[in-house]
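The values are calculated or read from the model by the stated rules, or taken from the named source; none is laboratory data. All figures in this text were calculated on a predicted structure; none of them were measured in a lab. Heads up, the Cβs are rebuilt from the backbone with ideal geometry, glycines too, and the neighbour counts pull from every protein chain shown. Keep in mind that these areas ignore ligands, DNA and RNA; they rest on the heavy atoms of the full protein, side chains included. Shrake-Rupley method; radii C 1.70, N 1.55, O 1.52, S 1.80 Å.
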Amino acid sequence: MINTEFLSFLMERIHLLQAFLAKTVESFQEWVEQLKVHRLYRQHVLTFGCGRGDRLAAEPKSVNKNRSKLTTTELASSVKACSPPPGMPRLAAWIIDSASPLDQASKRLNQVEKNLQQLSLVLDQIELASATDSELGQNNLADGLSPNVKKDRKKFGLRKKKSSGGSWGGSKNSHCSIDLSNNALPPPGSSPNKNFEPSDASPISTCSFSGGLSTSPASNNLSSSNPTLCTLTRPHSLSTCSERDVPIVDYKSSSESQSHGDFLALAKDVNECLKSVLYTLNNEKDRLKSALESETNIGSNSSSAVLSSLRSILSQTQQQNVELRARLNKIHEVADVSDLTEPKPLRPSLSYSSSCISQNEQFFDAEEYLNNTGPDTDIVERCASGVVETQGSDTSSEAGSISSEEGSLSSENSELAPSHYNAHNNIDGSVSTNMTGRRTKLPCPRPNTEGLSLWNLLCKNIGKDLSQVSMPVALNEPLNMLQRMCEELEYSELLDKAAELTDPYERMVHVAAFAVSSYGSSYYRAGSKPFNPLLGETYECVREDKGFKFVAEQVSHHPPVSVCHADSRNFIFWQDVRIKTKFWGKSMEFQPNGFINVRLLKPDQKDHYRWNKVTTCVHNLFSGQRWVDQYGELKIVNVDKNITCKLTFVKASYWSAKRHEVHGVVIDENEGKVVRKLFGKWSEALYCGVAPSAKCIWRQGTMPEDYELYYGFTRFAIELNELDAESAKILPVTDTRFRPDQRLLEEGDLDGAEKLKLQLEQAQRDRRKRFEELGIHHEPKWFKRDEDNEESWDFTNKYWEVRKNPGFQNISLEALW
Ligand SMILES: CC(C)CCC[C@@H](C)[C@H]1CC[C@H]2[C@@H]3CC=C4C[C@@H](O)CC[C@]4(C)[C@H]3CC[C@]12C
């Protein structure tokens with residue numbers, strides 16, 4: 001009775017165990033699958049990098065599906081194929097190392113499942129036997145086993161076990177010891193190596209078997225229903241497992257007792273296997289945990305290493321910066337600029353460009369000395385609003401910088417103005433100045449001209465002379481044509497250098513570089529046009545640092561003609577500019593007529609150079625991205641020495657990537673041979689000779705900070721319209737610096753500028769009318785027509801005489817505004 005109870009109890013436990021195991025196996029296998037996928041993903045990451053790893057990670061389902069079809073061996077071999085290189089992260093190493101134990105554990109669980117099925121069959125047998133025993137009350141064979149069972153037991157290596165006390169007998173009440181409790185297992189979280197060691201060093205080898213037995217008809221059924229079981233063998237390792245802790249149930253030489261023996265052997269196997277699996281899992285869990293921890297540490301360590309190296313680089317750079325500043329200050333202190341002081345003592349000058357020719361000056365960056373006061377947001381907002389109208393176009397001049405191989409600089413200084421007063425300071429009252437007191441920034445950035453329809457304007461004026469068409473002031477830059485002519489002297493050092501040279505060819509080379517340099521800054525100025533000067537308007541620029549004084553006057557309104565004259569110890573420069581404009585639809589061409597003249601004063605007075613201007617073209621008129629091109633032939637003639645220089649400005653072509661190219665030759669016309677070769681870019685530099693040994697004669701200077709926001713002005717251009725208190729007392733009222741609409745534009749007051757501009761233009765028309773009615777012909781104040789050449793204008797030098805004595809304040813000048 002007890003026996004039956006015990007059996008049913010056992011049955012119940014086994015079913016429970018089976019159900020539990022079925023679930024466990026299922027979820028374990030699921031987990032193993034997931035792990036496999038993850039392992040593969042990590043392998044991909046290791047092999048191909050994160051990009052592909054991510055891709056894999058993005059398709060976990062498909063990977064999972066595909067991968068689940070792989071056998072464990074395939075997986076293991078694929079893992080081996082991608083073995084991590086030495087020094088790879090611990091996590092990666094774990095992924096690869098864990099492949100084999102986990103696969104084994106998975107196999108073992110499968111086995112356990114099968115064993116449980118066997119157990120249940122054996123139990124059925126036992127039940128059957130005990131029922132038969134009790135019902136028929138008869139014993140079977142003497143040893144309690146059928147011949148078949150005996151055979152099978154031999155075959156599978158199963159044998160009866162003795163109890164721990166050595167007795168073969170035992171109580172029927174003895175417990176079956178399929179120990180599912182955790183007692184024999186390591187406590188959670190403990191290291192399996194320390195706390196739990198299976199009998200064999202390798203948990204895999206301990207129980208890598210599959211059990212299978214049958215003696216009874218039931219087991220025969222089993223064999224036939226599951227043929228694999230018949231072929232399964234029990235390895236010797238089982239004996240290792242089964243030597244210990246086997247609970248003995250003593251049955252008196254009956255088939256039942258033998259079945260019990262089988263049952264116990266199987267149960268013990270299951271127990272050992274489960275222990276081993278648990279061990280493996282715990283082991284792997286711990287290893288995974290420590291791998292993860294170490295990787296996290298490595299990650300944080302490496303990022304902190306990067307941070308600390310960045311910090312040290314930063315501190316080094318700061319140190320270098322401090323040293324550089326100190327050096328610059330020293331340079332500045334010892335810089336000798338006295339030799340530039342002619343009429344009055346000269347203040348230290350600041351550089352504008354990348355290089356210059358002067359020997360005893362050194363380059364230092366004006367920005368180091370900034371007071372740094374930019375326009376505030378208020379001004380910017382004002383700039384962005386309002387659209388005004390302006391008039392016509394014109395010529396102007398620009399300059400870049402010079403360079404020589406020795407390294408040089410171009411510099412500027414102020415006109416003796418001791419105070420930094422600017423009659424039209426920044427709106428917020430601040431002035432950004434450099435060391436000499438000259439400003440380094442315009443008071444306001446260029447207004448936003450989006451939405452300005454140039455197209456409508458041009459359509460309305462088709463057929464008209466565009467120089468006479470009034471254009472919105474928003475299209476203007478706060479400089480006029482007279483000032484742009486002065487801008488051509490930015491690289492006047494080239495002329496100083498030319499004057500020093502005794503070789504006439506070299507002198508020509510430097511004059512040619514000066515001619516090219518005047519186009520340099522126009523590269524940045526496609527966006528806006530200079531103001532048209534009013535008739536009688538003048539502009540003077542005294543640059544003691546550069547050693548020249550310049551004066552210009554608007555001598556004609558119809559057609560607009562601007563003339564200028566500059567004096568220096570080393571040269572005289574003069575030119576008259578009339579611009580012919582052609583509108584081509586999307587682009588506009590400007591052809592300045594007239595000549596530019598330079599006379600080098602050293603070593604003799606007979607070195608006169610004259611040249612024409614090439615065509616300037618503004619492309620993409622109606623889109624924001626206007627760009628400038630220069631093309632044509634520029635011929636410089638040395639009138640006195642019969643030496644010429646022919647320069648070609650190559651037109652930008654759709655078919656070529658080359659832009660802004662200039663090349664040319666210096667020809668000794670007396671001998672009819674090329675004596676020098678020149679090449680370069682008008683926006684960059686001009687070289688003499690043959691590459692790669694060519695010598696750089698001129699290089700465009702660096703642009704100031706935020707130049708795009710400030711009309712693309714160079715530092716030299718920024719200073720041209722500056723008005724300080726002292727100059728304000730000296731200058732004639734006709735000087736451009738007093739022109740109010742241009743000043744308002746500079747300050748960002750578009751509405752005010754527009755209104756004033758219209759008023760001034762109207763006043764000019766009225767004046768003209770009045771003069772015509774009175775029969776008075778306008779006579780330029782400071783220039784007179786060349787008697788031999790109607791088109792040409794001579795400077796009378798009266799301007800400087802009157803300036804000196806009695807002073808412009810003491811003579812009456814026509815009020816233009
Ligand atoms: C519709 C608008 C925006 C057109 C703008 C036209 C501007 C960019 C044009 C008009 C007249 C042109 C100037 C004409 C003459 C000279 C003299 C030369 O030695 C250098 C280039 C320079 C100074 C040109 C620069 C570009 C220029 C200023």
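State, as an integer percentage, the relative contact order of the range 499-608 based on alpha-carbon contacts under 8 Å between residues 6 or more apart.
On the way: 158 pairs, mean separation 19.5, N = 110.
Relative contact order for the range 499-608 comes out at 18 percent.
Residues in the range 258-269 carry Karplus couplings, in order, of 5, 4, 4, x, 4, 4, 5, 4, 5, 4, 5, 4 Hz; the curve used is 6.51 cos²θ - 1.76 cosθ + 1.60 with θ = phi - 60°, and Gly or Pro positions show x. Ranking GLY712, ILE667, GLY680 by Cα position along the charge dipole of the range 641-757, where only Lys, Arg, Asp and Glu carry charges on their C-beta atoms, puts ILE667 farthest toward the positive end.
Scanning residues 5 or more positions from PHE595 or on other chains, those with amide H under 5 Å from its amide H are ASP576, with H placed 1.01 Å from N in the peptide plane. If you take the Cα centroid of the range 457-495 and the Cα centroid of the range 643-666, the two points sit 24 Å apart. With a threshold of 25 Å on the Cα-Cα distance, the over-threshold entries among LYS613/LYS641; LYS635/LYS658; LYS651/LYS677; LYS464/LYS798; LYS549/LYS580 are LYS464/LYS798; LYS549/LYS580. Among residues other than LEU678 with Cβ under 11 Å from its Cβ, the summed charge is +4 (Lys and Arg +1, Asp and Glu -1).
For the range 677-753, the solvent-accessible area with a 1.4 angstrom probe is 33 square angstrom per residue. Here, P(r) means the percent of Cα pairs in each 5 Å bin from 0 to the largest distance; for the range 522-626 it is 3, 11, 16, 18, 19, 15, 10, 6, 2, 1, 0.
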